[in-house]
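Following: one structure in structure tokens, then a few remarks.
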Amino acid sequence: MEEDLKRRKELGAFLKSRRTRISPADLGIQSAPHRRAKGLRREEVADIAGVSNIWYTWLEQGRDVRPSAQVLDSLGKALQLNRYELLHLYTLAEHRPPAKDWMSDIHMDPSLQRMLDKLEPFPAYIRGPRWDTLAWNHAACELFGDFNQMNVLERNSLWRMFARPDYPDLLPDWPYVAQSLLAQFRTSYGQHIGDPSFEELVDLLKKTSEMFNQWWDHHEVLGIPLGLKRFNHPRLGELAFEHQSLTVADYPDLKMTVYIPVQVDTSRVEKGPGES
């Protein structure tokens, strides 16, 4: 109870600090010459955000009101919050930010791709919460196939694991690896209940893969495990990797996964198709 009260007070103080930094003139609001209020008034924020003045006042005062994600977005726009401030607002209000809003920016951040490229010859990629592969390096293409030639669905880790007929041959421990991946996805799925993109993927996999359909009903959940992953690659031969998954700074729903070879010649994943 005390922790919840502190969180609400912090939320109110944060909203007030953002409100007082905005000049009414920046929003085209005419004010009296001798206006005393610093920044925007509460009623002005409420009006811009489309909520009642009383409700917004209660929110700033730290009362027990529960803003929806839609209201948080409206407040974010009214207060001209940047990406980090909006994430902070969602956190204080105990909401998860919409995944699509954070995923869309990855294509505009070239530093992430540069980081992946610098990890060569280690295969590395960045995925979203639905396990869609969003960025990758050359070594990842050598190991998993050329992502540049795949469509959005084919870049999804669940789809490749359960819909591609070559994966049981590629992964000697396929039953274990597939069930582990499904349990990790189930954890992410539980955090995005009602997201149409998740439901669409699950429905499609149920229709495509008998094993997915069977294991999905087990309701197993899992975090990101460490360990060894073995490959029987059709061109590179037998490979073994340790893998690490790290959260990407400023993108809470994105994970970077790096595969570190174990007692193998890393030059085999550096070469392009047809090279020897």
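Working only within the stretch 226-267, note down all residues that are assigned to a strand (DSSP E or B) and among the small types (Gly, Ala, Ser). Show your work before the answer.
Our first condition is that a residue be assigned to a strand (DSSP E or B); within the stretch 226-267, this holds for 228-233, 237-248, 251-261.
Correct list: GLY237, ALA240, SER245.
Do you know which residues across the stretch 183-216 are in contact (Cβ under 8 Å) with a residue 40 or more places away in the chain and of a type in the set (Gly, Ala, Ser)?
Correct list: SER188, SER197, SER209.
Within the bounds of the stretch 202-225, is there any residue that is under 19 Å from MET256 (Cα atoms) and out of contact with any helix residue (DSSP H, G or I) (no Cβ under 9 Å at 6 or more places or on another chain)? Before you say what the answer is, go through the steps one by one.
The first filter runs over the stretch 202-225 and keeps only residues under 19 Å from MET256 (Cα atoms), leaving 222-225.
If we keep only those that are out of contact with any helix residue (DSSP H, G or I) (no Cβ under 9 Å at 6 or more places or on another chain) as well, we get none.
No, because not a single residue in the stretch 202-225 is under 19 Å from MET256 (Cα atoms) and out of contact with any helix residue (DSSP H, G or I) (no Cβ under 9 Å at 6 or more places or on another chain).
The rows are residues; the columns are (1) surrounded by fewer than 17 Cβ atoms within 10 Å (Cβ to Cβ); (2) assigned by TED's automatic domain parsing to the domain that holds ARG230; (3) out of contact with any Pro (no Cβ under 8 Å at 6 or more places or on another chain).
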| site | (1), (2), (3) |
| --- | --- |
| LEU134 | no, yes, yes |
| CYS141 | no, yes, yes |
| ARG155 | no, yes, yes |
| ASP173 | yes, yes, yes |
| SER180 | no, yes, no |
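Checking VAL71 against (1) crowded, with 18+ Cβ neighbours inside 10 Å; (2) at pLDDT below 90, only one condition comes out false. Which one?
Every condition holds for VAL71 apart from (2).
Scanning the stretch 3-46 for residues that are of a type in the set (Gly, Ala, Ser) and assigned to a loop (DSSP other than H, G, I, E, B), which turns out modelled with the highest pLDDT? Steps first, answer last, please.
Step one: filter the stretch 3-46 for residues of a type in the set (Gly, Ala, Ser), giving 12-13, 17, 23, 25, 28, 31-32, 37, 39, 46.
Among the residues that remain, those that are also assigned to a loop (DSSP other than H, G, I, E, B) are: 23, 28, 31-32, 37, 39.
Details: SER23: 80, GLY28: 70, SER31: 67, ALA32: 64, ALA37: 68, GLY39: 83.
The extreme case among them is GLY39.
Could you tell me whether the stretch 90-108 includes any residue that is hydrophobic (A, V, I, L, M, F, W, C), at pLDDT 85 or above and more than 17 Å from the chain's Cα centre (by Cα)?
Initial filter on the stretch 90-108 (hydrophobic (A, V, I, L, M, F, W, C)): 92-93, 99, 102-103, 106, 108.
With the extra rule that they be at pLDDT 85 or above, the set shrinks to 92-93.
Subset that is more than 17 Å from the chain's Cα centre (by Cα): 92-93.
Yes, that holds for at least one residue.
The values are calculated or read from the model by the stated rules, or taken from the named source; none is laboratory data. Everything numeric in this text was worked out from a predicted model, so none of it was measured. Every residue, glycine among them, receives a Cβ derived from its backbone with ideal geometry; neighbour counts consider all protein chains shown.
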